[in-house]
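Just so it is clear, none of the values below were taken in a lab; they were calculated from the coordinates. Keep in mind that what you see is a predicted model, and the values were worked out from it rather than measured. Ideal geometry is used to build each Cβ from the backbone, glycine not excepted, and the neighbour counts take in all protein chains shown.
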Ligand code: SAM
């Protein structure tokens, strides 16, 4: 692997850069693999993940990632595709350094409070699913992605996580100017030149150039300037990249402090983490941490105006007694509000209804809370999102599948099973829902979404 000389030269003056060790770790070809556990679907107790021994051929995690309660590193890469619990949303495959977002939040924000949070550049959903594990149920996450096709992938990953206190939007950063002083927290995990991931993706070396670094830096400034009005006075901005270039990291911090007048916040870093503080932020060097290259910095908005444009406007939805009876059979409805859009029923926590209504008049919403499905002739045609949600009722009939059947199901192939159940049934693997089937007298219809099916053999 031949790292670009211009990149190496540009890093000479950066805190913590050790040229020899940096080159060596890139040449080693070492693969660092890590996952982040979905705390709504399983847990880590005394360093052991509650479900790991139930997953065939899954390597026992060799260590916990130090800066998060949910991260585990693995010695070898299992086949995630052929693990049904991956599809059930029990964990997310994520690079370890990025999980430091947890410290940035825990150290700057009171997470026990109801918060309005925005993940501005959210696809494919690593930071957003992590945010959902950190914020309270009374907090809202707006998970935004400007590129439409990527917003769909983002929705798929959010759905797997199972939370209802989240909306997925597809807006340009400047659209958030309509939401002045609205958010308590904004995360900008900016599009960047990507040098932090060159070890993983050596082919990207060809695409790296100083010109692209300069372009990314300008774009990052534009994105930040566009979204900053949406942050409340006293609110926190978390900025991160997977680039090593100062122009996208420390220089952006300097610009944020000087031009946008927001206050840089310091974090406490444990010595054993081996994370390096630089001018305004924190660097993760792959020769020092068990992770890829990453940069993160925190800022607090002070001195802005306090006026909120937000005016609660609750549009009550009409659901008949019969419809409520059907919803109650399928959903743990306590504390939830239901909405209907083009015949499809969605749910969000009741306390977030006013916010969701307000945001729907300002943003292009791709997905709102949990999609429940459609009631036709007094029957619920359940949506895939309900199957994977954390609010599904345990009264719903379930059919447990073995590994082979689960893979057949996830390939959307024909499913055979001896069962006396009939009608809409939730299929599970190791007790975790994978999706829906409809059991008819002579066959079983597989309702796994076509676009999610496993294509590999
Ligand atoms: N936060 C994501 C995660 O943890 O999974 C990764 C985000 S990735 C580093 C940056 C995202 O910014 C990409 O999804 C990309 O499509 C989006 N993006 C690209 N150009 C953008 C722009 N001009 N404004 C906002 N977002 C943009």
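Counting only alpha carbon atoms, the long axis of helix 210-227 and the longest principal axis of the chain meet at about 60°.
Compute the relative contact order of region 156-294 as a whole-number percentage, counting only Cα pairs closer than 8 Å that sit 6 or more residues apart in sequence. All intermediate terms of the calculation are to be shown ahead of the outcome.
Details: 176 pairs, mean separation 37.2, N = 139.
It rounds to 27 percent for region 156-294.
Classify region 1-141 as rounded, prolate or oblate from the Cα gyration tensor: take a ≥ b ≥ c as the square roots of its eigenvalues, call it rounded if a/c is under 1.5, otherwise prolate when a/b beats b/c and oblate if not.
On the way: a/c = 2.18, a/b = 1.27, b/c = 1.72.
Because a/c hits 1.5 or more and a/b fails to exceed b/c, region 1-141 counts as oblate.
Taking 1.306 mPa s as the viscosity and 10 °C as the temperature, the Stokes-Einstein diffusion coefficient of region 377-457 based on its alpha-carbon Kirkwood radius rounds to 123 µm²/s. With the Cα gyration tensor of region 81-231 giving a ≥ b ≥ c as the square roots of its eigenvalues, does the rule (a/c under 1.5 for rounded; else a/b larger than b/c for prolate; else oblate) give rounded, prolate or oblate? Oblate shape, in that a/c is at least 1.5 and b/c is the bigger or equal ratio.
Please order 383, 175 by the number of other Cβ within 10 Å, starting at the fewest.
Working: 383 21, 175 18.
In increasing order of surrounding Cβ atoms, one gets 175, 383.
Taking a ≥ b ≥ c as the square roots of the Cα gyration tensor eigenvalues, region 150-253 comes out oblate, since a/c reaches at least 1.5 and a/b does not exceed b/c.
Rg/Rh for the chain stands at 0.98; both radii use Cα atoms, and Rh follows the Kirkwood definition.
Measuring nothing but how far apart in sequence close Cα pairs (under 8 Å, 6+ apart) lie, relative to its length, region 36-88 scores a relative contact order of 29 percent. Annotation: the residues 299, 183, sorted from fewest to most other C-beta atoms within 10 Å of their own C-beta, follow the order 183, 299. Counting neighbouring beta carbons within 10 Å and listing from fewest to most, the residues 26, 130 come out as 26, 130.
For the chain, averaging the sequence separation of C-alpha pairs within contact (under 8 Å, six or more residues apart) and dividing by the residue count gives a relative contact order of 15 percent. The Rg/Rh ratio of region 319-457, with Rg taken over Cα atoms and Rh as the Kirkwood radius over Cα pairs, comes to 1.00.
What per residue convex hull volume, in Å³, do the alpha-carbon atoms of region 236-369 yield? Before the final figure, lay out the partial values.
Working: hull volume 26.3 nm³, N = 134.
About 196 Å³ per residue, rounded to a whole number.
Summed over qualifying helices (DSSP H, 4 residues or more, each -39500 (n - 2.57)) and divided by its residue number, the chain shows a 222 nm mean residue ellipticity of -7000 deg cm²/dmol.
If I stretch the segment between residue 150 and residue 457 completely, what's the gain in nm (0.36 nm per residue apart, minus their alpha carbon distance), one decimal?
Numbers: separation 307, 0.36 × 307 = 110.52 nm, distance 2.53 nm.
Contour length minus Cα-Cα distance gives 108.0 nm.
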